[in-house]
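Before any comments, here is the structure.
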Amino acid sequence: MAGHDQPSPWWSPVRHVDRRPFLLARREIARAVRAWFDEQGFAEVETGILQVSPGNETHLHAPRTELVRADRSRAVRYLRTSPEFACKKLLAAGERRIFEFARVFRDRERGDLHLPEFTMLEWYRANAGYDAIMADTIVVIAHAAQATGIGNFSFRGKSCDPFAEPELLTVASAFDRCAGIDLLATIDGGQGDRAALAAAAKDRVRVTEDDTWSDIFSKVLVEHVEPRLGQGRLTVLFEYPAPEAALARTKPSDPRVAERFEVYACGVELANGFGELTDAAEQRHRFTAAMDEKQRRYGERYPLDDEFLDAVAHMPEASGVALGFDRLVMLASGALRIDQVVWTPPAGEA
């Protein structure tokens, strides 16, 4: 029995009865989303959790484990931060429309909107532009709201109508509107001009000598842009600057920006999508640079998945998106915290 100064465990009947409506809403949302993907001709896939590389972005951190083979030799593996690498290998294999409710893992993340283990809904369309995936994302969010019957999403005093026509906003326009910064003027040939952005942002955020262009960009985004997104209606923030392209291709007509978008509701990021990069050499270059920066900052680096990079070269043109399913359920069910909408909250934390 819990002490008087400690909350009851999540599995106690008195706490579970309060959480159960949110969990039943989760079931209905998953059912509605699966039905929609089935109607659209998608195949549901299940990819491996243990990976050679968990992802190669500077600020992503993943749990690590060690496998013991039959001959007693050992191999380091990581719990994936996304099913992206495996899904793209399936695109290279010939799949054309796939989706996955993937269990993924992130170290150094915990809060009302973050869990160390969570569900990512990720899907891909081969031979489709990223505008098609944008449209998919809006439809999936509306189906979630329809499944619960909620009229408006609300979170921390902000509200959003998931059925209203979404706001389409480029990142450059958002920086100009929310922070008075000409973002594209700080990008030269696809590279960020750190000094130019530092000068433009110095009155908006605290800039330190160690901050890179990306650090300053992130500070402005988090402090001045994101809180104003997804109010009244969904916001699709698109055309991310090329230094923040990650696994997205750059826009053919303007190399300063990439075919990357994010969707926000009530200031909460719900989804992150790409027109997928299919240039293996460029992807290797980006990953290597990101791991060099991770080594500098955190004293560690993750291996590159050479099989994935080989698959990138054989992928068709494609677009894909990762949607935080737990966050979507939280908003669509009216929950206040993300741990209210998962069947078993993190061990020892709830």
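Readers should treat all values here as calculations from the given coordinates under stated rules, not as data from a laboratory. What you see is a predicted model; the values in this text were computed from it and never measured. When we count neighbours, we look across all protein chains shown, and the Cβ atoms used for this are built from the backbone with ideal geometry, even at glycine.
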Rounded to the nearest 5, the percent of DSSP beta bridges in the chain running antiparallel is 85
Length-normalised contact order of region 213-325, Cα under 8 Å, at least 6 apart, in percent, tallies to 23
The answer for chymotrypsin sites (Phe, Trp or Tyr not before Pro) in region 1-60 that fall in a DSSP coil and have at most 16 neighbouring Cβ atoms within 10 Å is W11
If amide H atoms are modeled at 1.01 Å from N in the peptide plane, then the residues at a separation of 5 or more from V257, or on another chain, having amide H under 5 Å from its own are A242, K251
Largest-first semi-axes in Å of the equivalent ellipsoid built from the Cα gyration tensor of region 13-341 are 28, 27, 21
Quick calc: nm separation of the 7 Å Cα→Cβ label points for I49 and E66 -> 2.1
Length gained, E209-E282, 0.36 nm per residue minus C-alpha separation, equals 23.4 nm
Per DSSP, the loop-located trypsin sites (Lys or Arg not before Pro) within region 50-90 having at most 15 other beta carbons within 10 Å are R69, R72
Rounded to the nearest 500, the 222 nm mean residue ellipticity computed for the chain from DSSP H runs (n ≥ 4, each -39500 (n - 2.57)) alone is -10500 deg cm²/dmol
To the nearest 20 debye, region 14-127 has a Cα-centred charge dipole, built from +1 on Lys and Arg Cβ and -1 on Asp and Glu Cβ, of 280
Pseudo-spin-label distance V222 to R34, built 7 Å along Cα→Cβ, given in nm, is 3.6
Residues whose built amide H sits under 5 Å from the amide H of D193, excluding neighbours closer than 5 in sequence, are I187, D188
Expected vector for region 207-223, Karplus 3J(HN,Hα) from phi with 6.51, -1.76, 1.60 and θ = phi - 60°, integer Hz, x for Gly and Pro, equals 10, 9, 4, 7, 5, 8, 4, 5, 4, 5, 4, 5, 4, 5, 4, 6, 7
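Given Cα pairs under 8 Å that are at least 6 residues apart, what percent is the relative contact order of region 13-341?
Computed value for region 13-341: 23 percent relative contact order.
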Per DSSP, the loop-located GluC sites (Glu not before Pro) within region 206-241 having at most 15 other beta carbons within 10 Å are E209
Lys pairs in the chain with Cα under 27 Å (8 or more apart in sequence, or on separate chains) total 10
